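Here's the structure we're looking at; comments come further down.
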Amino acid sequence: MTVMDIPFQTIDGAPTSLSAFAGKVILVVNVASRCGLAPQYEKLEQLQKEYGDRGFTVVGFPSNQFLQELSSTDAIKEYCSTTWGVTFPMMEKVRLNGRNAHPLYQELTKTPDEDGKAGRVKWNFEKFVITPDGAVYRFRPQTEPDDPAIIDLIEESLPAAA
């Protein structure tokens, strides 16, 4: 089973996996509504709007691993849509680290960051870019969604703009 095949649920409870986005550049990010990094939602949504038509998607996974996410699914959905105008797919709330980490994050965290460090998600808004060929790239929370390293990776992995 690859990272693309690991099952999870959408924020509305429908079963899915990353294979629903096969052939796209996927930016998986763990989000939290009450985090100081929550303004990254705005840049994530900008990426979705700019590259969505070219085969890119952000996939958000709310997590209360660091005690900064709202308690109810409805509150998370309302916050994301009314505060940040989020249109990218949001998934079920998951655990990122530890024995009860979601299997998707158990796999993703095996990927090292730019300093060669794999392992635990350090904080909210850690990003994993999965290219259409299945390669996984990791960016730590302080790396903004519009960082040149992320933009370059998205650009080089997408078909040329028409």
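The values are calculated or read from the model by the stated rules, or taken from the named source; none is laboratory data. Here the structure is a predicted model, which means the values were calculated and not measured. Cβ sites come from the backbone with ideal geometry, for glycine too, and all protein chains shown count toward neighbours.
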Regarding region 67-81, can at least one residue be identified that is out of contact with any Ser or Thr (no Cβ under 9 Å at 6 or more places or on another chain), crowded, with 22+ Cβ neighbours inside 10 Å and not in a helix (DSSP H, G or I)? no
How many residues are touching a residue at least 40 places away in the same chain (Cβ under 8 Å) and either touching a helix residue (DSSP H, G or I) at 6+ places or on another chain (Cβ under 7 Å) or closer than 18 Å to T131 by Cβ (or both) if we restrict to region 32-57? 11
May I ask you to say which residue of V129, V121 is assigned to a loop (DSSP other than H, G, I, E, B), surrounded by 13 or more Cβ atoms within 10 Å (Cβ to Cβ) and in contact (Cβ under 8 Å) with a residue 12 or more places away in the chain? V121
On the basis of being within 15 Å of the chain's Cα centre (by Cα), modelled with pLDDT of 95 or more and under 16 Å from F125 (Cα atoms), does E45 make the cut? yes
Spot the failing condition for G60; the list is (1) part of a strand (DSSP E or B); (2) touching a His at 6+ places or on another chain (Cβ under 8 Å); (3) not β-branched (V, I, T), and only one is missed. (2)
State which residue is surrounded by the fewest Cβ atoms within 10 Å (Cβ to Cβ) when the search covers only region 31-66 and only residues that are over 14 Å from C80 (Cβ atoms) and polar (S, T, N, Q). Q46
Within region 133-162, the residues that are surrounded by 11 or more Cβ atoms within 10 Å (Cβ to Cβ) and hydrophobic (A, V, I, L, M, F, W, C) are A135, V136, F139, A149, I150, I151, L153, I154, L158
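Taking the condition of being assigned to a loop (DSSP other than H, G, I, E, B), surrounded by 15 or more Cβ atoms within 10 Å (Cβ to Cβ) and among the aliphatic types (A, V, I, L, M), how many residues in region 6-21 meet it?
Within region 6-21, the subset assigned to a loop (DSSP other than H, G, I, E, B) is 6-7, 11-14, 17.
After this cut, where a residue has to be surrounded by 15 or more Cβ atoms within 10 Å (Cβ to Cβ) as well, the list is 6, 11, 17.
From what's left, among the aliphatic types (A, V, I, L, M): 6, 11.
Result for region 6-21: 2.
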